[in-house]
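Take a look at the structure below.
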Amino acid sequence: MAVATVPEDEIKKQLEYIDKIKALGQNRKYFIVTLGCKLNEADSESMAGMLEKMGYAPADSFNDANIVIFNTCSIRENAEEKVFGKLGELKNIKAQNNMIICFAGCMSQEPHVIDKIKKSYQLVDIVFGTHNIYKLPELLYRKIVQNEEKRIIDVWDIDGEIYEGIPVKRESKTQASVIIMNGCNNFCSYCIVPYVRGRERSRAPEDIIHEIKELAKDGCKEILLLGQNVNSYNPREGYNFANLLSDIDKIEGINTIKFTSPHPKDFKDDVIDVISKSNKISRVIHLPLQSGSTKILKDMNRGYSKEEYLSLAKRIKEKIPDALFTTDIIVGFPGETEEDFEDTLDVVRQMDYEQVFMFIYSVRKGTRAEKMPNHIPEEIKSERFNRLKTLCDGMTEISMNKYVGTIQKVLVEGESKTNKEVLTGRTPSNKIVNFEGPKDLIGKEIEVKIVSQHVWFLKGEIV
Ligand code: SF4
């Protein structure tokens, strides 16, 4: 089925709204609160790109912002609560800053959230969803220039479209996230994503490659390819994710290619082959397991069994001996027994993961799992979560110790968030390394001797 693409003249119209707002010459500031995944971060970079073209400068905080955008996440309950908490904080400064408050992202696609905003959050001026981010200029124009009083709610319940040509403001010059596809057709029974991000749609490879070549010209060294399900990338007959990887592999100036998130059931041999032949594609492979129990995987609608997952990992290791795996695990899915949980621990022991992102199952309104029987009591979920965490922390300690005394190639990303005197970067295996050094090393790849490990990061000295 051909994927709908937003017509060029619609994008042109939005760029004209950008110019009209810029012409107002108001020195105003914006602040974007980004919650959730890398895709949301990339969407926020598009929102920032459009706002800066309108002449807005980034604010350091809410306090001096005239436009605030909440780019929300629906993946777990606590993400939702966090947003409404923050919204409440704006009550007092909204009038003082003549502030426009926008509510965006995945939560905007949930009808019960729209009802909650209508009922209890009068301070929200504009609501837009995941399908019409490119319309932000027009929505702001209606508020700023046409002084539309009424709240604007512009959320589309559609399969989704592809749009190109929107300005993007990237956080880093050396690393860039590039969306290759959006949406998901898998409908894992616990997941809200297919309901808020629509059906899978892949950008044209020519547009992706052009974007990455431009980034390489600007000095970008590392690319992260993004999609809810990157390995089901399929822009047209005869061209798939393996083709895209090998075409990007040829681009001069890019040293490292990473991608997230692949689905184990779509991880085909052609992708494994391309990775094995490349010295740019990262050896850190994210392979979301979710559960080690074949029964639970079936109830989750994951499309693979415990055995199939382990044999896929074995196939990857045979072709890529230096492959390192990271994963996502959900603890406490409805119906999970002690035996099922033991299966999860068994896979973790066998896989020797480099990193495990672990989550306690959180009911998502509107998903199939919400209506399943045998939801697990909170205390059992937490008890299992702690056992998994203890196992993984022990394994992380062992894997981090391996780095002490070694010399690592590190891409210097910037200043450490906790200490401006310290620089931070990542090893090819995605380990965070902190070390002292001059700021002009930022963006460069250097050699660092690892002197100690601190579970989540390594300490080093420049060689
Ligand atoms: S693959 Fe499953 S978990 Fe991932 S986004 Fe799609 S439905 Fe959600």
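Tabulated results
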{"item": "Rel. contact order, % - alpha carbon contacts under 8 angstrom, at least six apart, the range 310-445", "result": "19 percent"}
{"item": "Using alpha-carbon coordinates, inclination of helix 338-351 to the longest axis of the chain, degrees", "result": "80 degrees"}
{"item": "About the Cα centre, charge dipole magnitude for the chain (Lys/Arg +1, Asp/Glu -1 at Cβ), debye", "result": "580 debye"}
{"item": "Surface per residue (accessible, 1.4 Å probe) for the range 8-154, Å²", "result": "44 Å²"}
{"item": "Heavy-atom accessible area order for ARG368, ARG170, largest first, 1.4 Å probe", "result": "ARG368, ARG170"}
{"item": "Peptide ranges 270-282, 438-450, 192-204 listed from the most packed, as the mean C-beta count within 10 angstrom indicates", "result": "192-204, 270-282, 438-450"}
{"item": "Between helix 306-319 and the chain: long-axis angle, C-alpha atoms, 0 to 90°, nearest 10", "result": "80 degrees"}
{"item": "The range 173-233: proportion of alpha-carbon pairs further apart than 20 angstrom, %", "result": "35 percent"}
{"item": "Dipole magnitude (debye, nearest 20) for the range 85-156, charges at Cβ of Lys, Arg, Asp, Glu", "result": "180 debye"}
{"item": "Check: the range 407-462 dipole with +1 on Lys, Arg Cβ and -1 on Asp, Glu Cβ, in debye", "result": "180 debye"}
{"item": "Helix-derived mean residue ellipticity, 222 nm - over the chain, DSSP H n ≥ 4, -39500 (n - 2.57), to 500", "result": "-11000 deg cm²/dmol"}
{"item": "Over the range 336-415, equivalent-ellipsoid semi-axes from the Cα gyration tensor in Å", "result": "33, 17, 10"}
{"item": "Label-to-label distance, nm, for residues given as LYS459 and ALA95 (7 Å Cα→Cβ offset)", "result": "5.2 nm"}
{"item": "√(5λ) per eigenvalue of the Cα gyration tensor, the range 413-463, largest first, Å", "result": "15, 12, 10"}
{"item": "Antiparallel %, DSSP beta bridges [both residues in the range 407-462], to 5", "result": "85 percent"}
{"item": "Probe 1.4 Å - accessible area at ASP154, Å² to nearest ten", "result": "30 Å²"}
{"item": "Relative contact order, percent, the chain [alpha-carbon distance under 8 Å, six or more residues apart]", "result": "10 percent"}
{"item": "Inter-label distance for ASP322 and ASP352, nm, one decimal - labels placed 7 Å from Cα along Cα-to-Cβ", "result": "1.6 nm"}
{"item": "Principal axis dimensions, largest first and in whole angstrom, of the chain by Cα", "result": "61, 56, 48"}
{"item": "Distance between the range 400-455 and the range 35-103 - C-alpha centres, whole angstrom", "result": "31 Å"}
{"item": "As computed over the range 246-288, the Cα convex hull volume per residue (Å³)", "result": "69 Å³"}
{"item": "Per residue, in Å², the accessible surface of the range 364-463 once ligands and nucleic acids are set aside, probe 1.4 Å", "result": "57 Å²"}
{"item": "Amide H contacts under 5 Å for VAL363, placed H, 5+ residues apart", "result": "none"}
{"item": "Extended-chain gain in nm, criterion 0.36 nm per residue less alpha-carbon gap, ILE380 and ILE11", "result": "127.8 nm"}
{"item": "Nearest 10 degrees, 0 to 90: helix 205-217 Cα axis against the chain principal axis", "result": "90 degrees"}
{"item": "FRET E, pair ASP440, VAL404, Förster distance 30 Å, beta-carbon r, rounded to 0.05", "result": "0.65"}
{"item": "Relative contact order of the range 104-166, pairs being alpha-carbon contacts under 8 Å that are 6 or more residues apart, as %", "result": "39 percent"}
{"item": "In Å², nearest 10: area of THR130 left accessible to a 1.4 Å probe", "result": "10 Å²"}
{"item": "Euclidean distance of C-alpha centroids, the range 359-378 and the range 132-175, integer Å", "result": "33 Å"}
{"item": "Accessible area of the range 175-399 belonging to carbon and sulfur atoms, whole % at 1.4 Å probe", "result": "53 percent"}
{"item": "Accessible carbon and sulfur surface of the range 8-154 relative to its total accessible area, %, 1.4 Å", "result": "47 percent"}
{"item": "Cα gyration tensor shape for the range 1-91, rounded if a/c is under 1.5, else prolate or oblate", "result": "oblate"}
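The values are calculated or read from the model by the stated rules, or taken from the named source; none is laboratory data. Small disclaimer: the values here were computed from a predicted structure and weren't measured. For neighbour counting, all protein chains shown are included, and Cβ atoms are generated from backbone atoms with ideal geometry for every residue, glycine included. For the accessible areas, the whole protein counts, side chains as well, though only heavy atoms, and no ligand, DNA or RNA atoms are used. Shrake-Rupley method; radii C 1.70, N 1.55, O 1.52, S 1.80 Å.
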